[in-house]
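Have a look at the structure below, then the notes.
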Amino acid sequence: MNDNDELLFANDGDNLFADEDDNGGGLFAEEDGNESSDSSSTDTWKVMIVDDEEEIHTVTRFALSDYKYKGKHLEFIDAYTGREAQEKLAQHDDIAVMLLDVVMESHDAGLQTVKHVREKLDNHFVRIILRTGQPGQAPEESVITDYDINDYKNKTELTDKRLFTTITTGLRSYADIMAIEHYRQNLEKMVEERTKTIQEQTEELEMKNFKIIGSINAARRIQSAMLPQVNRIKKALPEMFILFRPRDIVSGDFYWFSETAGRLFIAAIDCTGHGVPGAFMSMLGDALLNQIVNIDEITSPDRILNRLHRGVRKALKQDLTENRDGMDMAFCMYDKQAGILEFSGAKNPLLYVQNGEMHKVKGDKMPIGGVRNPDEERTFTRQVVKVDQPTTCYMFSDGYADQFGGPDNRKFMSKKLRNLLLENHQKPFEEQQRILEQRLDEWQGDYRQMDDILVMGFKVGY
């Protein structure tokens with residue numbers, strides 16, 4: 001034993017292990033009557049004594065032989081060199097307090113052990129109390145600043161009472177840290193469980209979304225098959241284009257064409273809604289138009305719209321239900337032999353250009369279907385355009401004009417669309433379509449598409 005160690009545990013004049021009163025409450029009585037702690041599942045606190053002097057181990061054990069904190073006694077682990085301490089710390093990750101000598105096999109063996117514990121073993125739980133009999137070898141100020149320790153004592157300071165205080169402070173700190181760690185682990189577990197649940201729900205939603213998208217894509221194929229083929233329309237109207245952009249895979253906008261009894265019938269229809277609901281309405285409208293024109297052989301646009309209105313109301317039982325779905329549309333019948341173009345519109349207009357001048361034929365201010373008053377009569381108007389010269393016609397839904405974009409995120413507007421059509425009406429129709437698409441893309445930019453988009457152009461009277 002070194003000369004500097006001789007005053008270790010000097011007698012304070014008090015028997016620290018004697019009962020303080022008749023009830024037996026000594027200095028080492030458990031705190032607040034707690035018999036358990038979240039910091040450890042064992043019934044002891046592990047204390048490691050690291051010192052190259054056997055007598056230091058013996059005296060420390062003796063001084064703390066009756067110690068109890070939170071109902072748990074001490075379990076001692078001995079190491080006589082810094083290297084041995086490092087090895088045992090790697091084996092025991094639940095050591096609460098380490099009483100660590102500075103000078104052992106080397107003058108800084110204890111300090112190197114501190115670095116190993118904190119940095120190599122990544123153990124920030126154990127409370128490290130440096131003890132030295134040679135304070136000059138490791139000045140307190142620099143050690144406290146440079147090393148992650150919890151207390152620094154000269155061995156001459158550690159009387160029985162101060163050893164008790166030091167150990168109690170260390171164990172209290174360790175217990176608090178382990179309680180926090182316990183809560184942290186529980187929180188991490190909860191987060192992991194919640195994350196797993198969210199991940200499972202996300203995967204389930206992704207699978208459902210995949211199936212829904214698959215179904216909608218199948219519906220798009222059905223809707224595409226329902227729409228008249230553009231090549232078929234071009235056989236009757238060689239100069240024409242159709243700009244068609246559904247917002248949500250399938251569309252509530254659709255175009256319709258038929259040729260019968262020497263007459264051409266062409267329409268641009270905008271159903272209530274978009275996506276799947278709009279697509280259902282488009283299929284209803286297509287089926288009714290085929291029945292009215294191709295089977296019932298009704299050829300006057302106003303009568304066709306009147307019949308379509310009644311057909312939609314009947315199919316959707318709108319006199320009995322709250323359903324108010326319907327359609328806006330522009331409908332043309334072209335009789336080449338008679339040289340006339342007949343038009344009827346449900347809210348939507350027909351634009352036509354003759355001699356470089358654009359004309360607008362307004363539709364009636366009422367939609368197909370959706371009447372709230374069951375007694376309300378609805379009669380659409382037939383309007384006639386004389387086609388005795390080349391005439392370029394345009395029909396469209398409101399999707400293009402209502403698209404938000406531009407530098408101020410505003411609607412494109414109908415007037416701007418009319419001007420764009422007039423500026424380019426003499427160009428080939430394929431080029432007109434490209435210009436419309438390019439202008440729409442530039443206007444929309446990064447904004448999402450607001451609605452289904454349909455613009456049709458065709459030339460008659462040449």
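The values are calculated or read from the model by the stated rules, or taken from the named source; none is laboratory data. Keep in mind it's a predicted model, so treat the numbers as computed, not measured. When we count neighbours, we look across all protein chains shown, and the Cβ atoms used for this are built from the backbone with ideal geometry, even at glycine. Areas reflect the complete protein model, heavy atoms only, side chains present, ligands, DNA and RNA absent. Shrake-Rupley method; radii C 1.70, N 1.55, O 1.52, S 1.80 Å.
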- Task: State yes or no: is PHE76 exposed (fewer than 14 other Cβ atoms within 10 Å of the Cβ) and of a type in the set (A, V, I, L, M, F, W, C)?
- Result: no
- Give just the number: which of (1) at pLDDT 95 or above; (2) of a type outside the set (S, T, N, Q); (3) assigned to a helix (DSSP H, G or I) does ALA267 not satisfy? (3)
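Please enumerate the residues belonging to region 285-304 that are out of contact with any helix residue (DSSP H, G or I) (no Cβ under 6 Å at 6 or more places or on another chain) and closer than 19 Å to LYS314 by Cα. Before the answer, list the steps.
So the first thing to find is which residues in region 285-304 are out of contact with any helix residue (DSSP H, G or I) (no Cβ under 6 Å at 6 or more places or on another chain), and the list is 285, 287, 289-291, 293-297, 299-303.
Matches in region 285-304: GLY285, ALA287, LEU289, ASN290, GLN291, VAL293, ILE295, ASP296, ASP302, ARG303.
Do we have LEU288 as crowded, with 19+ Cβ neighbours inside 10 Å, at pLDDT 95 or above and farther than 16 Å from LEU227 by Cβ here?
Numbers: crowded, with 19+ Cβ neighbours inside 10 Å: yes; at pLDDT 95 or above: yes; farther than 16 Å from LEU227 by Cβ: no.
When the stated conditions are applied, LEU288 does not pass them.
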- Item | strands (runs of 3 or more DSSP E) contained entirely in region 85-174, each with at least 1 residues that are free of Cβ contacts under 8 Å to residues at least 24 places away in the same chain and open to solvent by less than 70 Å² (accessible area, probe 1.4 Å) | 151-154
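So for region 54-66 (the condition being crowded, with 16+ Cβ neighbours inside 10 Å, hydroxyl-bearing (Ser, Thr, Tyr) and either assigned to a helix (DSSP H, G or I) or touching a residue at least 40 places away in the same chain (Cβ under 8 Å) (or both)), does at least one residue qualify?
Yes, region 54-66 contains at least one residue that is crowded, with 16+ Cβ neighbours inside 10 Å, hydroxyl-bearing (Ser, Thr, Tyr) and either assigned to a helix (DSSP H, G or I) or touching a residue at least 40 places away in the same chain (Cβ under 8 Å) (or both).
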- Just checking, how many residues over region 153-169 are of a type in the set (S, T, N, Q) and modelled with pLDDT of 90 or more? 4
- Message: Which numbered condition in (1) in a helix (DSSP H, G or I); (2) open to solvent by less than 20 Å² (accessible area, probe 1.4 Å) is the only one that ARG313 fails?
- Response: (2)
- Query: Could you list, in sequence order, the residues of region 285-310 that are of a type outside the set (D, E, K, R) and outside any helix (DSSP H, G or I)?
  - Reply: ILE298, THR299, SER300
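So how many residues does region 325-341 have that are of a type in the set (D, E, K, R), outside any loop (DSSP other than H, G, I, E, B) and over 52 Å from the mean Cα position of the chain (by Cα)? If you could, list the steps in order and put the result at the bottom.
Taking region 325-341 and keeping what is of a type in the set (D, E, K, R), we get 325, 328, 335-336.
Those still in the list that are outside any loop (DSSP other than H, G, I, E, B) too: 328, 335.
Pick out the ones that are also over 52 Å from the mean Cα position of the chain (by Cα) and you get 335.
Residues that pass the stated criteria total 1.
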- Query: Within the bounds of region 98-105, is there any residue that is at pLDDT below 95, within 49 Å of the chain's Cα centre (by Cα) and of a type in the set (A, V, I, L, M)?
  - Reply: no
- Restricting to region 436-462, what's the tally of residues that are more than 20 Å from ASP398 (Cβ to Cβ), among the hydrophobic types (A, V, I, L, M, F, W, C) and open to solvent by 30 Å² or more (accessible area, probe 1.4 Å)? 0
- If you go through region 391-412 one residue at a time, do you hit one that is surrounded by fewer than 16 Cβ atoms within 10 Å (Cβ to Cβ), more than 27 Å from SER251 (Cα to Cα), without any contact (Cβ under 8 Å) to a residue 60 or more places away in the chain and in contact with a strand residue (DSSP E or B) (Cβ under 9 Å, 6 or more places away or on another chain)? no
- Task: Scan LYS211, LYS235, LYS196, LYS189 and give me the residue that is surrounded by fewer than 11 Cβ atoms within 10 Å (Cβ to Cβ), in a helix (DSSP H, G or I) and modelled with pLDDT of 95 or more.
- Result: LYS235
- Criterion: within 16 Å of MET456 (Cα to Cα) and either polar (S, T, N, Q) or open to solvent by 20 Å² or more (accessible area, probe 1.4 Å) (or both) - qualifying residue of ASP328, ASP364, ASP335, ASP319: ASP328
- Message: Filter region 369-421 down to the residues that are among the β-branched types (Val, Ile, Thr) and under 46 Å from the mean Cα position of the chain (by Cα) and list them by number.
- Response: VAL371
- Exactly one condition in (1) assigned to a helix (DSSP H, G or I); (2) in contact with a strand residue (DSSP E or B) (Cβ under 6 Å, 6 or more places away or on another chain); (3) closer than 25 Å to VAL384 by Cβ is not met by SER282; state its number. (3)
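Checking the structure you have, find out if any residue of region 263-270 is free of Cβ contacts under 8 Å to residues at least 12 places away in the same chain, open to solvent by 60 Å² or more (accessible area, probe 1.4 Å) and of a type outside the set (Phe, Trp, Tyr).
Residues of region 263-270 that are free of Cβ contacts under 8 Å to residues at least 12 places away in the same chain, as a first pass: none.
Scanning region 263-270, I find no residue that is free of Cβ contacts under 8 Å to residues at least 12 places away in the same chain, open to solvent by 60 Å² or more (accessible area, probe 1.4 Å) and of a type outside the set (Phe, Trp, Tyr), so the answer is no.
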